[in-house]
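Structure record follows, encoded as structure tokens.
The values are calculated or read from the model by the stated rules, or taken from the named source; none is laboratory data. Model, not experiment: these values are computed from the prediction. Here Cβ is always computed from backbone atoms with ideal geometry, including for glycine, and neighbour counts include all displayed protein chains.
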Amino acid sequence: MKTIINKKSVILTILFTSSNILYTLTSLTGEVILWTSAGSKKVKGTKKVTSTTILVITKFITKRITELGYKYIHVKLKGFKKNKKNALKCLKTKQVNILSICDNSSLAHNGCKQPKLKRI
């Protein structure tokens, strides 16, 4: 007996690293449909983390989502960058409906106390 998978919604995971931004589009079961990054668009150096490259990549992703026939997306964000808001703004202005936004950034707890430095 075959199970019917909802082909209307997908999960878009955006990972913000210190030098790159990775986009992964997966189905609800976790199968990767499409992935891209700022580096794969032939942008090099510190220009990869600017708002203009985010705009270009989000346009590419939303165009591909509509071509594949998906209408709804769940957005998962990970990493610490000020450009998260820019990415969400770009996604909200497009034709794709956002069902949920989840921020999976891990928070530092400052760890153990550093040993005292010796004064000489």
Looking at Phe60 and the list (1) at pLDDT 85 or above; (2) aromatic (Phe, Trp, Tyr); (3) in a loop (DSSP other than H, G, I, E, B), which single condition is not satisfied? (3)
The one condition Lys59 fails out of (1) in contact (Cβ under 8 Å) with a residue 24 or more places away in the chain; (2) among the charged types (D, E, K, R); (3) touching a strand residue (DSSP E or B) at 6+ places or on another chain (Cβ under 8 Å) is (3)
If I filter the range 22-32 for residues that are at pLDDT below 80 and outside any helix (DSSP H, G or I), do I get at least one hit? no
Kindly evaluate Leu77 against the criterion of being under 30 Å from Lys7 (Cα atoms), outside any strand (DSSP E or B) and either aliphatic (A, V, I, L, M) or more than 12 Å from the chain's Cα centre (by Cα) (or both). no
